[in-house]
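So the structure is just underneath, and the comments pick up after that.
The values are calculated or read from the model by the stated rules, or taken from the named source; none is laboratory data. This one's a predicted model, so the numbers in the text were calculated from it and none came from an experiment. With ideal geometry, Cβ positions are generated from the backbone for all residues, glycine too; neighbour counts draw on all protein chains shown. These accessible areas exclude ligands, DNA and RNA; they are computed on the full protein's heavy atoms, side chains included. Shrake-Rupley method; radii C 1.70, N 1.55, O 1.52, S 1.80 Å.
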Amino acid sequence: MEVKLRTSRSLVSKLSSVSSQTRADALKELRLITKLDPDSRPLVAEAGAIPYLSETLFDSSPSVQDDAAATLLNLSISCRHALISTRGLLDALSHVLRHHSSPSSSAFAVQSSAATLHSLLVVDDYRPIIGAKRDIAYSLIDIVKSLNSPPRSVKDALKALFGISLYALNRGALVELGAVPALFTLVVKDGRVGIVEDSTAVIAQVAGCEESEEEFRRVSGVRVLADLLDPSTGTSLRSRENAVAALLNLARCCSERAVREVREEGMGVVDGVADVAENAGAKGKSRAVALLKVIDGGSRNIASVFRDKRFDCLLNQSS
């Protein structure tokens, strides 16, 4: 461990060298050891690397920027508090994300920066801090809606947006910044299963705020989500679980008009909702049963249309 400590301090000290080549070589070594040796991560952080790495994200060299972003991502696995408490770190990550479509930010650095945010957002207390940085949320949404964004960048941005949306008070800001149309565009136009699953996961969270109702209506969101639950579409179970969660959150958090819309569209896909109730995990089953009850409205609407005993069984379950 003493050898690792000396190595970490030596490499970090080289980050302040006047020689750009010395700095670049040290960065490459730090990237490698923080990837391969978990024990070295806290040593590198304690040696003072994070402020240097943050500053390096503003570098004009794509390879240098890549190494710095990758090293920060590696450190975020073990040293989240050290990262979030470093002044200027979030601004540096935001800079990379904000320039995602320009030569000043490489695609790899963008992906690593978004992934670093996702790693930090695992901690509940960091969600309001990161969510308060509107420039970060705006940039992530811009990556999602940009036609030129690589698939990996989109996936990493979606995962970061999901982490932000887990904090309820961040959801209204995401809606205001244009998240809803960007997310539904991916669901409708992007056929890649992973992208649709990640998009609907964010949609399900964003639906849990009253600000989302009008935006969902503008993009025919309830109908799109109901279509995902149609068994004929072949949508993955995870996406269907997310669609159920979104419709349920919309019904619970928005107006009576939204409840009516969920009920009307839901009546056409009760088979799909029931399938989620029967085949999903515990949380998914509970949400699907709750959604069936919303659709039924307590008036046995489902039973009057569908002569199927499984609906009676599901509606009698506790959700």
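Based on what the data block shows, is T71 part of a loop (DSSP other than H, G, I, E, B) and within 27 Å of R6 (Cβ to Cβ)?
no
Please enumerate the residues belonging to the range 155-166 that are more than 19 Å from K189 (Cβ to Cβ) and among the charged types (D, E, K, R).
Once the filter is applied, which keeps residues that are more than 19 Å from K189 (Cβ to Cβ) and among the charged types (D, E, K, R), the range 155-166 yields D156, K159.
Within the bounds of the range 134-154, is there any residue that is free of Cβ contacts under 8 Å to residues at least 24 places away in the same chain and farther than 22 Å from L186 by Cβ?
No, the range 134-154 contains no residue that is free of Cβ contacts under 8 Å to residues at least 24 places away in the same chain and farther than 22 Å from L186 by Cβ.
Taking the stated definitions as given, is G131 over 30 Å from D37 (Cβ atoms), open to solvent by less than 30 Å² (accessible area, probe 1.4 Å) and not assigned by the TED database to the domain that holds V193?
Considered against the rule, which asks whether it is over 30 Å from D37 (Cβ atoms), open to solvent by less than 30 Å² (accessible area, probe 1.4 Å) and not assigned by the TED database to the domain that holds V193, G131 comes out as yes.
If you check A290 against the conditions, is it open to solvent by less than 30 Å² (accessible area, probe 1.4 Å), modelled with pLDDT of 95 or more, assigned to a helix (DSSP H, G or I) and out of contact with any Cys (no Cβ under 8 Å at 6 or more places or on another chain)?
It is false that A290 is open to solvent by less than 30 Å² (accessible area, probe 1.4 Å), modelled with pLDDT of 95 or more, assigned to a helix (DSSP H, G or I) and out of contact with any Cys (no Cβ under 8 Å at 6 or more places or on another chain).
Taking the range 147-175, which residues are part of a helix (DSSP H, G or I) and surrounded by fewer than 16 Cβ atoms within 10 Å (Cβ to Cβ)?
Of everything in the range 147-175, those that are part of a helix (DSSP H, G or I) and surrounded by fewer than 16 Cβ atoms within 10 Å (Cβ to Cβ) turn out to be P151, R152, A168, L169, G172.
Please give the number of the condition S63 fails out of (1) more than 19 Å from the chain's Cα centre (by Cα); (2) of a type in the set (G, A, S); (3) closer than 21 Å to D142 by Cα; (4) assigned to a helix (DSSP H, G or I).
Every condition holds for S63 apart from (3).
How about the range 9-26: which of its residues are under 10 Å from A49 (Cβ atoms) and either in contact with an Asp or Glu (Cβ under 8 Å, 6 or more places away or on another chain) or among the acidic types (D, E) (or both)?
L11 - this is the single residue of the range 9-26 that is under 10 Å from A49 (Cβ atoms) and either in contact with an Asp or Glu (Cβ under 8 Å, 6 or more places away or on another chain) or among the acidic types (D, E) (or both).
Mind telling me which of the residues L186, L140 ends up being at negative phi and within 13 Å of the chain's Cα centre (by Cα)?
L140
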